[in-house]
2 protein chains.
Amino acid sequence: MNKQQIIEQIKIKKSFLCIGLDVDLEKIPPHLLELEDPIFEFNKQIIDATHQVTVAYKPNTAFYEAYGIKGWKSLEKTITYLNKNYPKIFTIADAKRGDIGNTSTMYAKAFFEDLNFDSVTVAPYMGSDSVEPFLAFADKFTILLALTSNKGGLDFQTLKDKNGTMLYEKVLQESQNWKNSEQLIYVVGATRPEYFQKIRKIVPNNFLLVPGVGAQGGSLQDVCKFGLTKDIGLLVNSSRGIIYASNGTNFVEKARENALKLQKEMESILQKKCLI
Amino acid sequence: MNKQQIIEQIKIKKSFLCIGLDVDLEKIPPHLLELEDPIFEFNKQIIDATHQVTVAYKPNTAFYEAYGIKGWKSLEKTITYLNKNYPKIFTIADAKRGDIGNTSTMYAKAFFEDLNFDSVTVAPYMGSDSVEPFLAFADKFTILLALTSNKGGLDFQTLKDKNGTMLYEKVLQESQNWKNSEQLIYVVGATRPEYFQKIRKIVPNNFLLVPGVGAQGGSLQDVCKFGLTKDIGLLVNSSRGIIYASNGTNFVEKARENALKLQKEMESILQKKCLI
């Protein structure tokens, strides 16, 4: 998938919503637990109910690995189901990988070739040669952690050098010089709205993947104020707020309701900014 | 496994060698490819041939994930084989994980509970609440990236703040204040010998996991000069230099030869420092 195709989908659906598929067996409706593969069944029903208002799905690999091989099978079934039934939807393996060169290539193969995701999240700590192997894959996106939404995101990411440049800014600046940097998307938490203006000055053209709206307390309006570009440039993720809207037999309807609510808010913002 | 048990094994075997099980189907002896599970078979033979001179094995998860569910089965079989046959050997899942709190807990469950590794490598970029969920597991070690051996390791890890403190030093300093920090081990590349003295001042008591000896050009003597402590405090990893010593039918003998060579060098260093 390429950038124009993502933008096109956003304009058609009037939505830049990404739904995080972080499936915890302790949180899903108990009636699903009797099925052979409750994780996949849960994802399938959530996807079928929300695909019209979302442009991306983001399974976080931790929630699958925790169940071992069974979990990996659920992940594989989920991405296969998405690619087969909704091929225009952007898929993100939220895996936060990164290793020395040849090893990153193996991770890239795992997510881009074996599982056929459109993108994967990557941690920047190990530098250029840990990220460029991902960027070497054509029509695939590498989503680099910049400024994360969690409390610990401020432990190191906002450390300043002698010129006052923070670490996450260095990550943005440096990574712009890496090969195929146009295939980079950056993770910026919705809980950090005060940073978006500065971030857009450094990376005016790349998409941002923004988690932290909803359960973590971030505001969509605040994110859009400086985050939106003429090419939209935002994918805003909600996980728990949508998929765990209810854990009863009505979980599908409640998930759709909450996704639709966010989509409507997005539509209104896009209209006000004359982007649709 | 606890620290005393690791030290005891090092003293018994006169070795602080860790062998990296980074199994690439394009590099292993072709005669193994006819078997049902070449990756596991390769690991099993390498382990059986080297377990007397090594105290740790470190499969890098990328090399297993690249082969999908089949690869995860090989990883599961490898750790099960190790735990059953060589329970005193320290096991490291080289996975470089890390995510927001509840998600890191899922990763910790994956590696500490489902697969039953003794330790897992973790990236520090997302800060305290991305690492502490791993540290919450008793008798398990969290191996935090500090100063990595690859070229890109110098992109961000050695950035200085206004006081001249480098990012990796901040990571060492801050993480010492995290809950259960005595269960931390730090990754420091053998290609950075000039940093070991400073590192030992910040973390005098934690073990260091040192990759980069051999194929990447690091020197064992240089690492030991300032890296060794009264409790030894070092696990030095070699992957390619041992497991790919030959790709003929004699690969087991050649791997053993190279492992033994490193062990003898370690034995001589431990004796000179009066540590055994």
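Some observations on this one:
- Of all residues making up segment A:124-142, the number that are more than 19 Å from A:LYS88 (Cβ to Cβ), more than 13 Å from chain B (Cβ to nearest Cβ) and buried (at least 24 other Cβ atoms within 10 Å of the Cβ): 1
- Every pair of residues 6+ apart whose Cβ atoms lie under 8 Å, when the first sits in segment A:212-239 and is in a loop (DSSP other than H, G, I, E, B) while the second is of a type in the set (D, E, K, R) and surrounded by fewer than 19 Cβ atoms within 10 Å (Cβ to Cβ): A:GLY214/A:ARG240; A:ALA215/A:ARG240; A:LEU228/A:LYS273; A:ASP231/A:LYS3
- Search result, residues across segment A:37-93 that are small (Gly, Ala, Ser) and over 24 Å from B:ASN116 (Cβ atoms): A:ALA49, A:ALA56, A:ALA93
- Residues being at pLDDT 95 or above and either within 7 Å of chain B (Cβ to nearest Cβ) or not in a loop (DSSP other than H, G, I, E, B) (or both) - total across segment A:162-194: 18
- The lone exception for A:ILE46 - which of (1) free of Cβ contacts under 8 Å to residues at least 40 places away in the same chain; (2) away from chain B (no Cβ under 14 Å) it fails: (1)
- The set of residues in segment A:92-114 that are crowded, with 24+ Cβ neighbours inside 10 Å, within 19 Å of A:LEU209 (Cβ to Cβ) and not small (Gly, Ala, Ser) comprises A:ILE92, A:ASP94, A:LYS96, A:ARG97, A:TYR107, A:PHE111.
- Residue within segment A:93-111 that is away from every other protein chain (no Cβ under 11 Å) and at pLDDT 95 or above present: no
- Cβ-Cβ under 7 Å pairs, at least 6 apart or on other chains, segment A:66-80 side within 9 Å of chain B (Cβ to nearest Cβ) and over 17 Å from B:LYS109 (Cα atoms), far side of a type in the set (Gly, Ala, Ser) and in a helix (DSSP H, G or I): A:GLU76/B:GLY68
- Scan segment B:52-82 for residues that are in contact with a Phe, Trp or Tyr (Cβ under 9 Å, 6 or more places away or on another chain), surrounded by fewer than 19 Cβ atoms within 10 Å (Cβ to Cβ) and under 16 Å from B:ILE19 (Cβ atoms) and the total you get is 1.
- Verdict on B:ASN60 being touching a residue at least 40 places away in the same chain (Cβ under 8 Å), under 30 Å from A:VAL188 (Cβ atoms), within 14 Å of chain A (Cβ to nearest Cβ) and in contact with a helix residue (DSSP H, G or I) (Cβ under 9 Å, 6 or more places away or on another chain): yes
The values are calculated or read from the model by the stated rules, or taken from the named source; none is laboratory data. Nothing here was measured: the structure is a model prediction, and the numbers come from that model. Cβ: placed from backbone, ideal geometry, glycine included. Neighbour counts: every protein chain shown.
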